[in-house]
Structure formats: C-alpha cells, structure tokens
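Since the structure comes first, as structure tokens, the remarks are kept for the end.
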Amino acid sequence: MPRVMDTRRSAFPATFTWGVSTAAYQIEGAVAEGGRGESIWDVFSHTPGKVARGDHGDVACDHYHLWREDLELLRELGVGAYRFSVAWPRWLPNGSGRVNPAGSAFYDRLVDRLGEIGVEPWLCLYHWDLPQALQERGGWAARDIVDHFGEYAASVMQVLGDRVQHVALFNEPNAVGLLGHLLGVHAPGLTDLHAYAAATHHLNLATGATLARLRSEHGGWRLGTIVNLQPVVAASGSEQDALAAELLDAAWNGNHLDPLVRGHYPAATAQLLEGAMEHGDLERIQQPLDWFGLNLYSQLRVAADPASLFGLQLLEPPEEAETTAMGWEVAPEALSRQLVDAQARLGAVPIVITENGAAYRDSPGPDLEVDDLRRVRYLERHVLELEAALQAGVDVRGYFVWSLLDNFEWHEGYAKRFGLVYVDYATQRRVPKRSFRWYAKLVRDGIIPAAADVD
Ligand code: FCB
C-alpha cells in the first residue's frame with residue numbers, strides 16, 4: 001500500500017540542491033589517453049597487493065568516452081547539480097607547467113554539456129589523484145606542493161570559471177592524510193607518522209592559500225572544501241578509551257576543520273602537526289568559506305591500543321549492528337548528530353552533504369535490473385535525518401548521493417558498488433537501479449518517498 005503523502009509538507013526549500021557525486025579516477029579510465037600523465041593511483045593500484053583482486057582504474061566506467069551518455073542519466077535523474085572532479089594529471093600531466101589541451105578540452109565539453117541540460121557543475125579540484133611526478137618530489141609531505149596546487153587550481157578556474165560557480169578545493173583531506181600517509185591503504189601508501197603530519201599540514205595550507213588566491217581572482221565563485229566527518233564512539237567508559245576517542249575525533253574530524261575555521265589545531269594533535277608548521281601558517285589557513293562540504297557514511301568506534309602507531313584501534317561494528325557491504329555500520333542518526341555538531345564548529349557557514357550512500361552486493365536480474373531495496377532504505381533513513389537537522393535549524397543547503405555510477409572503490413576495487421546506476425563492466429552497459437527511481441522521485445517532489453512507493 002502506498003503511504004498517503006499528499007498531506008506531507010516538505011521541509012526542503014525550493015532552493016535546496018539535490019545532486020550526485022563522482023570522482024575522476026573512479027570513473028574516467030583512459031589513463032593513457034588524451035595526454036594524461038600518471039597519477040599516484042595508477043602506480044598504487046598497479047602495485048601488487050594494494051587493491052583487492054588487482055583491480056585498477058585503467059578503464060573504470062570508461063566515462064572519458066561515455067560521458068555524454070552518463071550526463072543523460074543525470075538528466076533522467078532530474079538532479080540540479082553534479083559534483084565531479086578534475087584529474088590533475090589530465091590537466092597538467094607533470095603536475096605543473098603547460099596545460100594539456102586535450103585534458104582541458106574534456107572538462108570544457110563536460111561543463112558546456114551540463115549547462116545545456118540544466119545541471120549545475122560542482123567542481124572538485126582534488127579527489128586524490130595526485131600527479132606521480134609531484135609524488136616523486138615529495139607529494140603532500142613536501143611544502144612546495146602548496147604552490148603547485150594553487151597554480152593548478154588557478155589554471156582550471158581560468159578555463160572553467162566562467163561557467164563553474166561552486167568549487168570544492170579538496171575531497172576529504174583527512175582520508176588523504178590518514179589512509180594515504182599513516183595507514184598506507186590508499187595512495188601513496190605510506191605508513192609514516194612524519195609524512196602524515198607534514199601532508200596534513202600542507203593540505204591545510206593549500207586549502208587556505210588557494211581559497212585566498214581564488215577569491216582574489218574572482219569574487220563570484222562559491223568556494224568550499226569537503227571533509228569526511230563521522231561521530232566517534234568510545235568502546236567503553238574507561239579513561240583510556242575516552243582519550244583514544246578524543247584523539248581520533250581530533251585526527252579525523254578536527255585536523256582540517258579547526259585550523260580553517262578556528263585558526264588552531266585540536267589539542268590532541270597540535271604537537272604532532274606543529275612540527276611541520278612555519279611562522280604565519282595558521283593565519284594563512286584560516287580563511288572564510290562560502291560553504292562546507294560534509295561527507296558522511298557511518299560512525300567510528302574506537303578503543304585505546306598502546307601497541308599501535310597512533311595508540312588506538314578502530315573497532316568493527318557490534319554483532320547486532322546492521323552493516324553495508326563495506327562493513328560500515330548503518331547509523332542514520334549519525335547524520336543529524338554530525339550536522340548539528342559541524343554547524344556548531346563552523347558557525348554561520350552553510351553546509352552541504354556532498355557524499356552519502358551505501359555499497360551493497362547488488363544482484364542483478366536477467367536484464368541487469370537491480371532491486372536495491374536496502375540502498376533505498378539506507379538513503380531514505382539518511383534523508384529523514386537530514387530533514388530533521390534542517391528542521392532543527394542546521395543551515396544545510398544541499399545533498400549529493402555517492403554515487404551516480406558503480407565505480408572503482410579505491411583499495412576495494414570494483415566489487416563494492418555504490419551506484420544509483422549499475423555498471424556491467426564487461427560491456428559498460430548502464431542500468432538504473434530502483435534507488436535511482438526513488439531518488440528521481442525525491443528530487444522531483446521534494447518529499448521523501450517511502451521505499452515501497454517506488455519499484
Ligand atoms: C569517500 C570517497 C569517495 C568514495 C566513498 C565511498 O570517502 O570520497 O570517493 O570512495 O568514500
């Protein structure tokens with residue numbers, strides 16, 4: 001029985017932005033075409049043992065060739081915005097210097113076409129695919145990366161900035177730092193406390209310096225940055241576990257947000273990060289934001305572990321918890337809690353949920369149709385929490401589902417499917433899932449459909 005919803009009023013204003021997100025390395029493929037240079041993810045994914053089943057992004061969703069078809073899916077979905085990232089090594093194959101004309105032409109056409117179909121481009125400048133040439137000069141751990149990033153950002157915006165207004169400087173610098181430089185599970189695969197501290201600080205410095213630079217070049221751009229924030233739950237009430245939770249909250253949630261909006265590092269990590277700091281850096285980092293992008297999937301559980309590098313251990317969700325194919329706990333209330341907490345940390349800066357979604361073991365029917373009711377339920381419960389946060393006064397302006405397409409899920413490879421659209425990698429056929437139809441209805445009506453209302 002369909003739920004009677006005509007009487008429900010939507011809490012979402014007409015100006016609320018509904019969108020979907022993708023990232024270059026996860027969908028584009030064509031890694032050796034059109035003059036693209038090598039990225040750290042090419043190198044990492046081709047290093048044996050780094051990515052599940054030896055998967056890599058060489059072809060991915062072949063979006064570099066199928067982009068027109070993929071933008072048609074956006075049109076069908078009816079979203080107002082599309083968040084994508086520019087591959088730095090496609091723009092500047094060696095990380096700096098001359099712009100690659102075929103690379104800039106690719107994004108130029110993409111942005112033009114988005115304009116034609118009435119979908120607003122939200123451009124992310126860095127979604128993890130650093131040019132390998134820069135990694136060989138120290139990558140994020142070397143201070144001169146800050147200027148290289150600024151040059152690259154200015155060059156992209158010089159070409160696309162007449163049509164792109166919303167710009168995210170970084171996607172999840174906390175993941176770049178922790179997963180890439182301390183835990184070693186993401187490119188460049190380092191497990192080095194010193195590199196972690198330096199990379200974290202340089203990512204912040206690049207954020208502040210580039211915000212100031214782009215703002216001075218064009219006052220009309222809406223400049224933001226994206227951090228993955230997750231509530232941290234301590235394993236027990238013990239003092240050690242509480243301290244572990246404080247440290248993880250600082251490293252994951254505070255390291256990038258606090259210097260940007262408060263001008264200092266969290267107490268628990270300050271000593272470590274200040275090792276990479278020079279006089280005047282904190283002033284350069286603290287810049288106004290036009291919006292803040294929040295990615296949220298779950299919450300983190302942590303216990304003290306004196307034997308580990310960081311003195312803590314991330315825990316698996318409890319037995320009884322519902323989890324996704326990533327093993328992440330389904331905790332929708334984390335979204336509203338995190339939104340309220342982030343708003344308190346951010347003050348008056350508007351928030352946009354720039355990623356939320358779930359991987360499930362989608363089992364396609366004979367014609368590849370996917371009845372992904374669990375994903376629909378996941379999204380429904382999270383959007384209900386979003387609505388609750390909005391009603392509670394959080395200034396949240398938009399919501400983007402991760403992701404439009406199934407894609408290359410970093411070290412997990414292709415087995416983890418997050419898409420609203422199923423991708424058959426053997427044929428590159430795209431098949432919208434039930435969640436696609438559910439989201440299209442939400443976007444059209446501005447009212448959260450019940451899962452049962454959509455087949
Ligand atoms: C986020 C990443 C995104 C995707 C999702 C599942 O941390 O930003 O690229 O992998 O996780």
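The values are calculated or read from the model by the stated rules, or taken from the named source; none is laboratory data. Computed from a prediction, not measured in an experiment: that's the story for all the values here. So basically every Cβ, Gly included, is an ideal-geometry build from the backbone, and we count neighbours across all protein chains shown. Accessible surface areas use protein heavy atoms only, side chains included; no ligands, DNA or RNA. Shrake-Rupley method; radii C 1.70, N 1.55, O 1.52, S 1.80 Å.
The table below gives the values:
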| item | result |
| --- | --- |
| Meets criteria (open to solvent by 10 Å² or more (accessible area, probe 1.4 Å), of a type in the set (D, E, K, R) and assigned to a helix (DSSP H, G or I)) for R215 | yes |
| The lone exception for F149 - which of (1) part of a loop (DSSP other than H, G, I, E, B); (2) in contact with a Ser or Thr (Cβ under 8 Å, 6 or more places away or on another chain) it fails | (1) |
| Near pairs, Cβ below 9 angstrom, 6+ apart or cross-chain, from the range 392-406 (closer than 16 Å to F84 by Cβ) to any residue that is within 12 Å of the ligand (Cβ to nearest atom) and acidic (D, E) | F400/E355; V401/E355; W402/E355; S403/E355 |
| L160 vs. criteria touching a residue at least 40 places away in the same chain (Cβ under 8 Å) and either within 27 Å of D249 (Cβ to Cβ) or within 16 Å of the ligand (Cβ to nearest atom) (or both) | no |
| Hits in the range 178-189 (condition: away from the ligand (no atom under 13 Å from the Cβ) and either touching a residue at least 24 places away in the same chain (Cβ under 8 Å) or within 16 Å of Y126 (Cα to Cα) (or both)) | H181, L182, P188, G189 |
| Test result for R53, on the phi > 0 side of the Ramachandran plot and either open to solvent by 10 Å² or more (accessible area, probe 1.4 Å) or in a helix (DSSP H, G or I) (or both) | yes |
| All positions within the range 234-260 that are within 19 Å of V176 (Cβ to Cβ) and not charged (D, E, K, R) | L247, L248, A250, A251, W252, N253, G254, N255, H256, L257, P259, L260 |
| Search result, residues across the range 68-104 that are hydrophobic (A, V, I, L, M, F, W, C), surrounded by 14 or more Cβ atoms within 10 Å (Cβ to Cβ) and in a helix (DSSP H, G or I) | L71, L73, L74, L77, W88, W91 |
| Any hit, the range 94-112, residues being small (G, A, S) and within 16 Å of the ligand (Cβ to nearest atom) | no |
| Residue match in the range 304-322 (condition: closer than 30 Å to D453 by Cβ, open to solvent by less than 30 Å² (accessible area, probe 1.4 Å), within 16 Å of the ligand (Cβ to nearest atom) and in contact with an Asp or Glu (Cβ under 9 Å, 6 or more places away or on another chain)) | no |
| Of residues in the range 201-229 being within 16 Å of the ligand (Cβ to nearest atom) and in contact with a Gly (Cβ under 6 Å, 6 or more places away or on another chain), the one nearest to A251 (Cα to Cα) | I226 |
| Exclusive hit being part of a loop (DSSP other than H, G, I, E, B), open to solvent by less than 30 Å² (accessible area, probe 1.4 Å) and away from the ligand (no atom under 12 Å from the Cβ), set Y399, Y422, Y360 | Y360 |
| Tally, over the range 435-455, of residues that are in a helix (DSSP H, G or I) and open to solvent by less than 30 Å² (accessible area, probe 1.4 Å) | 8 |
| Odd one out for E329 among (1) open to solvent by 30 Å² or more (accessible area, probe 1.4 Å); (2) in contact with a strand residue (DSSP E or B) (Cβ under 7 Å, 6 or more places away or on another chain); (3) acidic (D, E) | (1) |
| Subset of the range 19-68 that is among the basic types (K, R) and over 30 Å from L379 (Cβ atoms) - its residue that is nearest to the ligand (Cβ to nearest atom) | K50 |
| Within the range 228-330, helices (runs of 4 or more DSSP H) holding 3 or more residues that are without any contact (Cβ under 8 Å) to a residue 24 or more places away in the chain and over 30 Å from D362 (Cα atoms) | 239-248, 267-274 |
| Which listed residue, of R337, R377, R381, is basic (K, R), over 30 Å from T269 (Cβ atoms), open to solvent by 60 Å² or more (accessible area, probe 1.4 Å) and more than 16 Å from the ligand (Cβ to nearest atom) | R377 |
| Some residue of the range 239-249 being under 24 Å from A348 (Cβ atoms), open to solvent by 20 Å² or more (accessible area, probe 1.4 Å) and not aromatic (F, W, Y) | yes |
